[in-house]
Each structure stands twice: as C-alpha cells, then as structure tokens.
Amino acid sequence: MNKFTKTIAGVLGFAVVLSLVVVATAAPAKADTISDLQAQIASLTAQLSKLSGSTVTTTSGSFNTNLTVGSKGADVVALQNFLIKGGYAIAAGATGNFGPQTKAALAAYQAANAITPAAGYFGPITRAKVNAAAGSTTVGTGSTGSTSTGSTAGVSPSTNEGILTATAGPISNSVLNVGQQKAPIMTVRINEQNSDIAIQRIQLNLGTNTNIYNKVFQNLYAIDASTGNVLATVPLNSSTVVQSGSNYITNISIPNFVVKAGTYKDITIAADIFSSIDSVYRTGGGQAINPTISVNDSGVRGVDGTGTDQYSSGVITGPTLTINASLVDNSIANISLDSSSPSQSQVAVTDTTNGQYLKLPVLVFDLNAQNDAVHLHNLAINVATSGTQGTVTAAYLYQGSTQVASAAVSGGVATFSNITDGTQGALVAVNSTLPYTVKVDATGVLTGYLNVTASFTTSGTTIYNSQDGNVAQVNGSATGYAQKVVGLGLQVALSSANLVKTVGPSDTSGNATTTYSGTFNLNLSAVGTDATFGLLSSSTPSFATSTSFVTVYANGAKDTTTNYLLTVNYSQPTGTTLSGDSKSFTLGRNNSVTIPVTYTFAVKNPGVNTYAVQLEGLTANVSSGASTINFFADLPAWRTNVQ
C-alpha cells in the first residue's frame, strides 16, 4: 500500500469511527443489536466510498453465509451491490437490509442464470454462482466501469475501454395477433467504439401493468437480427419479472454476443403471444393493453477488451404495440396482378368456321394468404368487351392446370359461386401465394374483331379463412391487358428482342461512334386468309423507320426529338411466296413463319447514356384490305434490353 493509499484509508477509517460514535450516542434505538450496527456500518462505508471516490472492496468472490429476508450486514450490502451492478433493480439501494426488493432482484438473477428454484433465497448453489461471477469485482471506484469476469470469447484484448451506445433499431410491424410466436416487438441497435464488446444482458421495462406478462406475453426472446438465431429466451412469470417502483422489469441474459469495434449489430426483441386473450385486453377492449416496451437506462451491459463492464445510456423506447384478435380472425386475402398475365396482344380465332377462340387466357392474378389459410368461395370477374363482332359467353378459373370452377358471363360479369372448402386448387396455405388464370370463350368473331379485358373485383367476391364460414378481408385488385381477337386476319407474337452495342474506333479528334442494333424475332400467322408483306423495296414496307413503326428510348424515356437516323433490315422468310416484282411476299392461309427485323442507329460519344428500341407497329395486306397492327405500341414487353 503506497503512502497516498494509506492516507485515504486512514481518513476513511477515522470517518467510519466518528460515524459509529455518532450512531452509538445519538441513535441507540436504531442500533440495539450487533446486526443492526453492522448494517449501519456497511451503509455508511458505502456512502463514504461514493463521496470519496476511493476503492472499497465489498466482494471478494467468497460469500460463505446463507442470506434471506431479514438478513442484515456487510454481506447483504455486498450482495445488493452485486445485483444492482448486474442490472437487477433494488429501488432502495444497498441498505444492508435483505427485504422484498432484494428477494425479487435475487429471484430474477436466479431465473436468468437457470438456478432453481428461483425463490430469492441466497443459499449454497446461488453463492457458488455469485462467487464465480464476482471474482475480484470492486465497486465504488468512481470509474465508468468495473472489472468483470463475464465471458468475453471473441473479444480482442484492448488497452482502450469501449464506448457502448444503444438506440432503437428498425421494426417493420407493430401489430400483434393472438397466438403469434416470436413476434418482433422492438429492435435494439448496439454500437461499439474503441474496443470489441461482448453483450451480456438487456434489461427491459414492461410497463406498469402486470397483465402484460399475465395476459399478453408468455415468453421473450433476444434474436440476432442478422441471422435470425435465438440468443436467449426468458419465460415471463413472477420469478423473472420484478417490480421497480411502479414498473415491471425483466432481464435477458445473452451468452457472449460480440459487437466488433467500430460496428453495430441489431438484436430483435420478440414475444410469444398467449393463444387466447380475452377481448377486454385486446386493442379496443375495455381494459385494452397497448404496451410500449423499453430498455432501461444502463439497460444494455457488455464487457469490453479491457475486461471492463460498459453500459448503455438513456432509455430506448420501442413502438406502441397493437394487440389484435387471433390470426384466424384477422386472415387477409391479398390480390395482385401476376407477372405472367398475358400482355396486350392480338390473337386470331382458333376455329375460323365458327369464329371461336375457346378458353382464351385473359388474366392471371395472385392470391396471397396472410395470417391464416384461405380458400375461394365466391369470385366475381369483370369481363369487358368491345369491337365489331363477337361475344364472350363463358369463363373458367384455373389454378395451374387444374380447373377450379366455371361460370356463365352475364352482364359483363363472370361469378364463380359456391366453391366448397376442399375443392382442388381453391385452398391457399397461410403465408403462401398461388396464381389463378381466368380464361374465356370468345365466339362469333368471323371477319371482324373483339377486344376482351378481364379484371378482379372485390364486389361479389367472398374468400373464407380456415374456419370455413368466417369471411377473410380481401385487399388489392388485378386488371388484365386487352386481348384483341380477330377472325380472318394476321396474328403477331414476339419471340425475342435484343439490343447489341458495338463501339467503333476513335477518330483523330478522339471521338468514337457507337452502333446500336435491335433485333425483333416476330412470329406471324395468317389465320383464315393469306397475308402479304411489303419488302424494303416496296413503297409500303411492312417495317419502316417512322415513329409509327419504331422509337428509341434514351435513358428510360421515349425520345422522339432526336434524329437517330434509324435504318431497318429484314428479308423474305423461308416458307413464303415472293411476288412477281420481288417487292413483297405472301404468307399462305393458316401458315406461320418467324421473321427477324433489325433496327440500327449510331450515337457519337454516348457517354453514360443508355438506349433501347421499341417496336410500335407493322402493316400487312389481308383479304379484307390493308391492316395496321399496333396493339403492342409502348408495351415494355415489345422493347429490347437496355445498352
């Protein structure tokens, strides 16, 4: 012991002795037993230590006395300091009197450390655990942290103490449902500077209502947000939840969760919700519980690379939580347009004699089951038509290759009704999505055309949850693209579209010209009649360079102001007949061919600009005369890739 330390010890010794004299002479009624006197000595010693900022060793890792409610003395002070330092609240502080608050804090420590029974009695098993954990811990040093013997595996040794900060992290949803498991209720984002740190516990404030753990939450979890791994679990009960003032708190002990220096990690706090919650405790009920869980000041504790305990500063507040009824009662059916739904197109009838296209696909929509499994019961599909000829008489609902139901189209609506539970293809499992295809019968299209557009409507639609008869909430919509059905005429489909970029050599001024070539592979079918196409030598070529045939997209937007000096190239495909003047070719009735059409343009020094080519239309001659086909104008599906 050096001279300075001896001096401090002497001053403290004198102060303690003086205090004892005062206590013994002025307040004998308060120290009428040796244990009372020991408790007051311990309390005064702790207070003097705080005032002086000197080191007073109160635990040496050698507890050897059983302690319980009513115990008093220095051992009780040491135990209370150990618990408080570990985050187990004792509102009165280290008084040296073992009362209900100390019992509750000790019970919480026992529960967090798997010591059974967690009864708040300090016996041999708990003593051994505390002795091992306390080691040579000192309190009252006046420093920001204390030496810890907690596990620091994965923490690099450091000469610098860490700086631990914790804030509220992101959480995607604050609505909880009865029966949910591991439902996220808040996120704690932990930042560390200067040193690695091993996080050891998070202290949570559950609020002022005991019903939060008696009626709503069963278990709490600490989950690594980056991996989804459960770090720790705490069952909520009177042994693990203690009262501090008007609030109820619990600790989640975390086994060595390491945050590296200069980084952060998120820990998600999640909860199991009781499988049955009386309606009075749910949102909107007479005793509704809408909890806000928070992390107490100094609630996050860890050990840094110097072996020093570090604590977060400030309260971290999570979102206000909404407690709804069970997932079954809150089942939701989400509707959206599927990406495979047929794009706007022109198709020819498959039966030219009767002018029919039976089971024409017009719409593909997705049905997503949220919170609970759902099944289709009644489904209404609007079928809008226009044109010069034909009608839609029937509709069909498919899931994959399975026909779920069929319906007549009346007043522009197809109603698939009374689809019973168990019908193949009608059930969607919880948290999954299935695509459904709507097909129609188009009839009476002989020489004219019929436009057909189908859309999903919530009016007239009923979707049930797994408890058949309870109506699920239906959200969303889906509208298909127009399908043009023609009788005698030309059918056009796009097989592929591709843009190729070629960079030329630089001239003497350092300018380089880049050439772009967009090739469209088109499938042409002549239905019920011959179709004739003009070649480049014709005065009316089927593919030309005006904006009614093709446009260039620059940086994602159509550009009709720049002169790109487009050129086009195509030739007579095999399987067609060349005209006598070699200016056109004819595709015979009910035959099909594929023809590649390439548009080319050049840009000097394009830099970071990007380009694509959009096919806008074509012309052909059929038995009824010249025909312009441009249903695909502006459709992204008829556009090349970007270069």
- Query: Residue-wise, which Karplus ³J(HN,Hα) couplings in Hz belong to segment 565-573, taking 6.51 cos²θ - 1.76 cosθ + 1.60, θ = phi - 60°, and x for glycine or proline?
  - Reply: 6, 5, 10, 10, 9, 7, 8, 5, x
- Message: Multiplying the sequence separation of Ile84 and Thr567 by 0.36 nm and subtracting their Cα-Cα distance, what value in nm do you get?
- Response: 165.7 nm
- Query: From the phi of every residue in segment 357-362, what ³J(HN,Hα) in whole Hz does the Karplus formula 6.51 cos²θ - 1.76 cosθ + 1.60 yield, where θ is phi - 60° and glycine or proline is x?
  - Reply: 10, 8, 6, 7, x, 10
- Item | Residues in segment 187-223 reached by a label modelled at Asn256 [backbone nitrogen below 16 Å; 7 Å Cα→Cβ] | 196-201
- Message: Explain nothing, just the number: relative contact order of segment 333-487, from Cα pairs under 8 Å at least 6 residues apart, as a whole percent.
- Response: 38 percent
- For segment 321-422, what ratio Rg/Rh do Cα atoms give with a Kirkwood hydrodynamic radius? 1.07
- Message: Shape verdict for segment 524-591, please, from the Cα gyration tensor: rounded (a/c under 1.5), prolate (a/b greater than b/c) or oblate.
- Response: prolate
- Give me the number: length gained by fully extending Thr393 to Ser495, i.e. 0.36 nm times residue separation minus the C-alpha to C-alpha distance, one decimal in nm. 33.7 nm
- Message: Taking 8 Å as the Cα distance limit and 6 or more residues as the minimum spacing, I'd like the relative contact order of segment 65-112 as a percentage.
- Response: 41 percent
- Suppose R0 equals 41 Å; then what is the FRET efficiency for Thr233 and Thr159 from their Cβ-Cβ distance, rounded to the nearest 0.05? 0.70
- Message: Can you compute the modelled spin-label distance between Asn290 and Thr263, with each label point 7 Å from Cα toward Cβ, in nm?
- Response: 3.9 nm
- Grab the Cα-Cα distance for Ala633 and Ser275, subtract it from 0.36 nm times how many residues apart they are, and report the gain in nm with one decimal. 123.4 nm
- For segment 310-388: relative contact order, % (alpha-carbon pairs under 8 angstrom, 6 or more apart): 37 percent
- Label Asn511 and Ser401 with points 7 Å out from Cα along Cα→Cβ: what is the distance between them in nm? 6.0 nm
- Task: Could you pull out which residues in segment 613-643 have an amide N less than 12 Å from a spot 7 Å beyond the Cα of Asp559, following the Cα-Cβ vector?
- Result: 613, 643
- Query: What distance in nm separates the simple spin-label points at Thr479 and Ser417, each placed 7 Å from Cα in the Cβ direction?
  - Reply: 2.7 nm
- Query: Suppose every K and R has +1 on its Cβ and every D and E has -1 on its Cβ; what is the size of the dipole of segment 490-638 about the Cα centre, in Debye to the nearest 20?
  - Reply: 100 debye
- Take the Cβ-Cβ distance between Ser174 and Val642 as r, set R0 to 51 Å, and report the resulting FRET efficiency rounded to the nearest 0.05. 0.80
- Task: Assuming R0 = 45 Å, can you tell me the calculated FRET efficiency for the pair Thr458 and Ser592, based on Cβ-Cβ distance, to the nearest 0.05?
- Result: 0.65
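Computed from the coordinates by the stated procedures, all read-outs in this text should not be read as laboratory data. A quick note: this is a predicted structure, and the numbers were derived from the prediction, not measured. Here the Cβ is made from the backbone with ideal geometry for all residues, glycine too, and neighbour counts use every protein chain on show.
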